[in-house]
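Visitor: Sharing a structure here in structure tokens format.
The values are calculated or read from the model by the stated rules, or taken from the named source; none is laboratory data. Treat the numbers as computed from the prediction; the structure is a model and nothing was measured. In this analysis, Cβ positions are derived from the backbone assuming ideal geometry, glycine residues included, and neighbour counts consider all displayed protein chains.
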Amino acid sequence: MTSWSDETWKLVIDRLNRGVITPFLGAGACYGALPTGGELAEEMATQAAYTLGDPRNLLEVSQYLSVTVDPLFPKEQVHRRFFGAAPPNFADPTEPHALLAEFPISVYLTTNYDDFMFRALARNRIRAPIRDFYRWTPALESYPSPLDDTFEAHAAHPLVYHLHGMLNLEKEDPDPLLAHSLILTEDDYIRFLSTQHSLPAPVSAAIRQNSCLFIGYRLADWNLRVILQALKTELPTRNFAVLPLWGRDEKERDATRSYFDKYYGSALNIQVYWGTAQEFCQELRARMR
């Protein structure tokens with residue numbers, strides 16, 4: 001059963017069709033194609049014989065490796081793990097990237113490192129997407145950007161913007177500077193929150209002027225918490241989030257839903273769809289028919 005009313009669904013579909021929703025994609029949008037954060041952390045922890053904390057906590061394990069081996073080492077490990085991974089099945093009409101690529105959206109935002117959203121858009125011959133990432137440290141400013149003062153994102157030339165860094169997965173060996181762009185360790189998140197670098201104008205406008213749709217995140221996801229903390233003053237309109245509901249029993253799930261509906265609704269003007277990214281896309285596709 002949907003957690004949204006028919007009126008909310010009509011509003012979301014209308015805004016998607018008009019391209020006035022800005023998607024924020026999290027790791028759950030890639031479910032099945034890439035390892036989860038917990039799985040990735042466990043692989044790295046096992047290889048490093050990590051015993052100091054939770055082996056499924058990617059921030060903790062990455063921080064440990066950055067200190068005991070080298071700051072770039074865990075980021076290179078992520079690149080090597082992702083390289084060669086088969087993309088999602090874009091022919092599936094309910095695959096999140098492929099479905100979102102159907103709408104005339106100008107800016108797609110993601111905290112993922114992969115290029116799946118770019119690839120989904122590039123499948124359409126009338127769309128010429130570009131990728132770029134947030135320069136959250138001075139060192140990253142030297143990496144060339146496809147965005148200049150005259151750049152304007154539009155449906156035929158959409159921008160996929162990576163807020164937490166991106167990887168060039170066309171190359172087997174990681175690009176050192178691009179690897180540095182990944183926000184992966186505990187120190188990275190702290191530094192990201194303290195940065196004063198401005199977002200490019202098209203990205204800032206897409207956040208301020210459109211509704212935002214957060215998809216592929218979890219309630220306890222640090223990526224979501226960090227993004228909402230950074231953007232809470234930039235979300236003036238009604239926004240939407242797709243979040244899987246957790247709890248040991250129905251009573252606990254009801255309590256969780258009630259609390260977070262109030263939290264997201266009152267503090268951030270976000271209406272929550274309780275379900276996975278895949279469940280949301282299945283219902284969205286069904287309601288579009």
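Visitor: I'd like the full set of residues that are within 14 Å of Leu109 (Cα to Cα) and among the hydroxyl-bearing types (Ser, Thr, Tyr), limited to the stretch 135-162.
Guide: Tyr161, the sole residue that qualifies.
Visitor: I've got another one for you. Given (1) surrounded by fewer than 16 Cβ atoms within 10 Å (Cβ to Cβ); (2) in contact (Cβ under 8 Å) with a residue 60 or more places away in the chain; (3) touching a Ser or Thr at 6+ places or on another chain (Cβ under 7 Å); (4) of a type in the set (A, V, I, L, M, F, W, C), where does Phe240 come up short, assuming only one miss?
Guide: (1)
Visitor: List the helices (runs of 4 or more DSSP H) inside the stretch 109-206, counting only whole elements, that have at least 2 residues being over 29 Å from Lys232 (Cβ atoms).
Guide: In the stretch 109-206, the matching helices (runs of 4 or more DSSP H) lie at 116-122, 176-180.
Visitor: Can we say Ala128 is in contact with a strand residue (DSSP E or B) (Cβ under 7 Å, 6 or more places away or on another chain), exposed (fewer than 13 other Cβ atoms within 10 Å of the Cβ) and not assigned by TED's automatic domain parsing to the domain that holds Gln63?
Guide: yes
Visitor: Any residue at all in the stretch 245-263 that is over 21 Å from the mean Cα position of the chain (by Cα), assigned by TED's automatic domain parsing to the domain that holds Gln282 and touching a residue at least 12 places away in the same chain (Cβ under 8 Å)?
Guide: Scanning the stretch 245-263 turns up at least one residue that is over 21 Å from the mean Cα position of the chain (by Cα), assigned by TED's automatic domain parsing to the domain that holds Gln282 and touching a residue at least 12 places away in the same chain (Cβ under 8 Å).
Visitor: Name the one entry in Thr94, Thr185 that is under 19 Å from Met44 (Cβ atoms), touching a helix residue (DSSP H, G or I) at 6+ places or on another chain (Cβ under 6 Å) and of a type in the set (Val, Ile, Thr).
Guide: Only one candidate qualifies: Thr185.
Visitor: Next question, about the same structure. Could you identify the single residue in Ala45, Ala41, Ala49 that is of a type outside the set (S, T, N, Q), farther than 26 Å from Leu199 by Cα, outside the structural domain of Asn223 (by TED's automatic domain parsing) and surrounded by fewer than 20 Cβ atoms within 10 Å (Cβ to Cβ)?
Guide: Ala49
Visitor: Pairs needed: first member in the stretch 13-24, in the same structural domain as Arg127 (by TED's automatic domain parsing); second member anywhere, surrounded by fewer than 16 Cβ atoms within 10 Å (Cβ to Cβ); C-beta distance under 6 Å; at least 6 residues apart or different chains.
Guide: Every condition considered, the pairs that remain are Gly19/Pro104; Gly19/Ala155.
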